[in-house]
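Encoded as structure tokens, the structure appears first; notes follow it.
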Amino acid sequence: MPGYRLYKSAVAGATGRIGKALTRQLLLSPLCEEAHIVARRKVGFPELAASAKLRHHVADFGADVCGLQASALKGVDAAFCLLGARSGWSNETDVVAVERDAVLRFARLCEAAGIPHLSLLSSAWADPSRALPFARVQGETVEAVAAMSFARISVFRPSAALGPDGRLEPGSGFLANALWQSVPVAAQFLPNRYRPMALDDIVLAMRLNVELCDASERVEMMDYRDMMMVIGKAADI
């Protein structure tokens, strides 16, 4: 691993549970100099003195490059995309609009701004060849982002997010939510990549991957095992 490095960040999806948790970590990190929030509305952290590092950009995710000028994100080193359909995966139209179209518009904004590193929150179920619409859409999105000109792309693929109480996060948009709730015993015997992961561990892995880790390849797929390694929990794998 290289030494610590300062950076400026940009986040899309900061109004959701995972995005808000990541933004909070970025604000508290002494290595993150600025946190640019690309969202439909402002997201505040008044309880944090570090909120002075926030830079807000009101976006239109239905417009090309989110309706923003690329210069708004000039100087940003690492972008995080955590956009997810509010309705989960039950509404295919919503999934396409948010988890494909909005994600690609944010990615194009970052590409136009010259941001070298994009981290994308996807899921363990994403696969363009799957029959399930939400899994296929996410898989197609990953393929489209991978074809862009970023120097580095990190795709995080948790199966499900756990809250502080150890219970599955509601509305996280992951297929495993239904799986663990309906057949929790059988689900425990699935491969490691399908194991649920604490929400705070997911965002910690995303942050530390930017701050500490060099990629072995331009497009890196970060599954459960990879994320646990990044946060120093290899013994729990």
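The values are calculated or read from the model by the stated rules, or taken from the named source; none is laboratory data. Please read these numbers as outputs of a predicted model, since none were measured by experiment. Neighbour counts run over all protein chains shown; Cβ positions are idealised from the backbone, glycine included.
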### Residue, nearest to the chain's Cα centre (by Cα), within the range 139-161, restricted to residues that are part of a loop (DSSP other than H, G, I, E, B) and among the hydrophobic types (A, V, I, L, M, F, W, C)
Ala160
### Query
Under the condition of being of a type in the set (A, V, I, L, M) and in a loop (DSSP other than H, G, I, E, B), which residue from the range 13-66 is farthest from the chain's Cα centre (by Cα)?
Leu48
### Message
Show the residue pairs meeting these rules: Cβ distance below 6 Å; 6+ apart or different chains; first residue within the range 22-41 and under 24 Å from Gln69 (Cα atoms); second residue surrounded by fewer than 17 Cβ atoms within 10 Å (Cβ to Cβ) and of a type in the set (D, E, K, R).
### Response
Glu34/Arg55; His36/Arg55
### Task
Give the range 66-92 a look and list any residue that's surrounded by fewer than 21 Cβ atoms within 10 Å (Cβ to Cβ) and small (Gly, Ala, Ser), or say none.
Gly67, Ala70, Ser71, Ala72, Gly75, Ser87, Gly88, Ser90
### Task
Look at Ala63 and say whether it is farther than 17 Å from Val145 by Cβ, modelled with pLDDT under 85 and surrounded by fewer than 16 Cβ atoms within 10 Å (Cβ to Cβ).
no
### Task
Check whether at least one residue in the range 122-135 is of a type in the set (A, V, I, L, M, F, W, C) and without any contact (Cβ under 8 Å) to a residue 24 or more places away in the chain, and report yes or no.
yes
### Query
Ser119 passes all but one of (1) in a helix (DSSP H, G or I); (2) hydroxyl-bearing (Ser, Thr, Tyr); (3) surrounded by 15 or more Cβ atoms within 10 Å (Cβ to Cβ); which number fails?
(1)
### Message
Based on this model, can you work out whether Ser154 counts as closer than 29 Å to Leu31 by Cβ, surrounded by 20 or more Cβ atoms within 10 Å (Cβ to Cβ) and at pLDDT below 95?
### Response
no
### Summary
Only unsatisfied item for Arg130, checking (1) over 15 Å from Val11 (Cα atoms); (2) under 16 Å from the mean Cα position of the chain (by Cα); (3) of a type in the set (Lys, Arg), is (2)
### Query
Using beta carbons and a limit of 9 Å, which pairs, at least six apart or on different chains, have the first residue in the range 68-87 and assigned to a helix (DSSP H, G or I) and the second one surrounded by 17 or more Cβ atoms within 10 Å (Cβ to Cβ) and among the acidic types (Asp, Glu)?
Ala70/Glu111
### Task
Assess whether Val96 counts as being more than 17 Å from Ile37 (Cα to Cα), in contact with a strand residue (DSSP E or B) (Cβ under 7 Å, 6 or more places away or on another chain), surrounded by 15 or more Cβ atoms within 10 Å (Cβ to Cβ) and of a type in the set (A, V, I, L, M).
no
